[in-house]
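Structure first, commentary second.
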C-alpha cells in the first residue's frame, strides 16, 4: 500500500494569500506482501512539457503502467486541448484510466489504489484523486486552503503519518503552516515507520507558478538519492533541485546549503 501525500506552499500577494507551489511525495518501497521489498520503486511522476504531476499508492502494477502510458501522450499534446481547464484534464485522465481498467485482469489487481493528479491552469492549482476501491473507480477534487499545509495522505503508512502530523498542526510548532513542515513530517515518518509496506527514502515532484514538473533530489547523510536510489553514477546534478531532511535547498556538488539559502528551524 505504501504512503503518498500532497501539500501546498502559500505566499502573500497584494490581493491576499495565494498558492505558489504544490507537491506530491511518497516513500520508495515496493513490497510483495511480506515476502520481499524493493526500496527503489518509482511512485511519483511528472510531465516535461505540461504542468501535470502524479503519484500513487496501493496496487503497484496497474497505476505504474497506466501513468507510463498517460504521461508521454500528455507531453506530446495528444490528450489535452490547448484551453482545457483542470476539471477537463482530470476528466480525460479519469476516462483513460477507466477504459484501461476494464481490460485489466481483475485477478491480478490489488484491492485498492489511489492516483493523485495535481495540475495548474493560469497559475491556479488543483488536486484530484482517482481511487479504486471495492471494484469501483471514482474521482474527487481535493479542497486547497489559503495557507501552507498538508492536503492529502493515503496508503498503509497514512495512519502513522497522520499521527505525526498532529504535532505540526499545533500553532506552537516552529514549522506550523509551512511547506517545509510537511516534508519534515514525511521524513520523520519514514525514519520511524512500523508498517512493512512503507519505507525507503522520500521522493518528491512539484509544480511552481511557472514551468512544468520539478523533480527533487534528496540529500541524506551527505549522499544523493533520486526515487529512493543512491545517485552513485556520474550525473548532471545541477539540472534539478536538491533538498535535505529539512527541505532546505542544497548544493549537490558541495553538499551544503546553497548560497543565500536560509537555514530552516526544525
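Every number in this text was worked out from the coordinates using simple rules, so none of it is lab data. All values derive from a computational prediction rather than experimental measurement. Note that we place each Cβ from the backbone using ideal geometry, even for glycine, and neighbour counts take in every protein chain shown.
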Task: Pairs of Cα atoms farther than 21 Å apart, segment 113-227, % - done: 48 percent
- [ ] Can you tell me the FRET efficiency between residue 167 and residue 112 if r is taken as the Cβ-Cβ distance and R0 is 35 Å, rounded to the nearest 0.05?
- [x] 0.80
Task: Gyration tensor verdict on segment 18-176 (Cα atoms; rounded if a/c is under 1.5, prolate if a/b is larger than b/c, oblate otherwise) - done: oblate
Task: Highest average packing first - 235-241, 246-252, Cβ atoms within 10 Å - done: 246-252, 235-241
Task: Packing rank of 82-94, 100-112, 14-26, where each peptide gets the mean count of other beta carbons within 10 Å, highest leading - done: 14-26, 82-94, 100-112
Task: Sequence ranges 38-45, 201-208, ranked by mean other-Cβ count within 10 angstrom, highest first - done: 201-208, 38-45
Open item on the list: How many angstrom lie between the Cα centre of segment 33-83 and the Cα centre of segment 148-162?
Closed with: 20 Å
